């Protein structure tokens, strides 16, 4: 008969080994419907984008006396879950590039709010690509942290100034399910 201590130790060991395993499939259960990948698509790759987003102080469109921080573009490394770089993300236009040199661009389909202080979740329809990025149909940006426009003053006296903010997000790449 196994003692309670031995059973508890075995159970804790099993939990620890399971928690270090990578998930085999990304779950959309907790995402707003607007940014869920359409039925008929399956997860092909998961990457963590870690980098910055640049904003520029500019006059508001059709309101030259008012100013705002305007999105310039991202610059991030795309890593696997262990931190190994698999590619990069930059723009505009939004471009995901694999280490094999293949590139992917896309068109935003939808966004949905994320946690306060974070850029929104996003669903992008991918344009055709080849190489490692070939066959990708959709890209989700989820689990975002940071990246929102600066809270510092944007006015006539600093028009043209740029601010760089840190961000992180998971990028989930989908392909058509076969």
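The values are calculated or read from the model by the stated rules, or taken from the named source; none is laboratory data. Values in this document were obtained by computation on a predicted structure and should not be read as measured data. Quick reminder, even Gly has a Cβ in these numbers, built from the backbone with ideal geometry, and neighbours come from all protein chains shown.
In segment 132-144, the residues that are in contact (Cβ under 8 Å) with a residue 40 or more places away in the chain and on the phi > 0 side of the Ramachandran plot form Cβ pairs under 6 Å with partners that are surrounded by fewer than 24 Cβ atoms within 10 Å (Cβ to Cβ) and in a strand (DSSP E or B), at six or more places apart or across chains, as follows: 135/175.
Filtering 46, 68 for residues that are within 30 Å of residue 99 (Cβ to Cβ), surrounded by 14 or more Cβ atoms within 10 Å (Cβ to Cβ), at pLDDT 90 or above and touching a strand residue (DSSP E or B) at 6+ places or on another chain (Cβ under 7 Å) leaves a single hit, 46. Within segment 92-149, being in contact with a helix residue (DSSP H, G or I) (Cβ under 6 Å, 6 or more places away or on another chain) and exposed (fewer than 14 other Cβ atoms within 10 Å of the Cβ) holds for one residue alone: 100. Selection of segment 129-143 for residues being at pLDDT 95 or above and under 16 Å from residue 90 (Cα atoms) yields 139, 140, 141. Do we find a residue being on the phi > 0 side of the Ramachandran plot, assigned to a loop (DSSP other than H, G, I, E, B), out of contact with any helix residue (DSSP H, G or I) (no Cβ under 6 Å at 6 or more places or on another chain) and loosely packed, with under 13 Cβ neighbours inside 10 Å anywhere in segment 155-167? Taking every residue of segment 155-167 in turn, at least one turns out to be on the phi > 0 side of the Ramachandran plot, assigned to a loop (DSSP other than H, G, I, E, B), out of contact with any helix residue (DSSP H, G or I) (no Cβ under 6 Å at 6 or more places or on another chain) and loosely packed, with under 13 Cβ neighbours inside 10 Å.
All told, residue 55 falls short of being more than 21 Å from residue 176 (Cα to Cα), modelled with pLDDT of 95 or more, surrounded by fewer than 18 Cβ atoms within 10 Å (Cβ to Cβ) and out of contact with any helix residue (DSSP H, G or I) (no Cβ under 7 Å at 6 or more places or on another chain).
Looking only at segment 69-111, residues that are over 17 Å from the mean Cα position of the chain (by Cα) and over 19 Å from residue 167 (Cβ atoms) come to 4 in all.
Looking only at residues of segment 22-43 that are part of a strand (DSSP E or B) and surrounded by 15 or more Cβ atoms within 10 Å (Cβ to Cβ), we find that the one that is farthest from the chain's Cα centre (by Cα) is 41.
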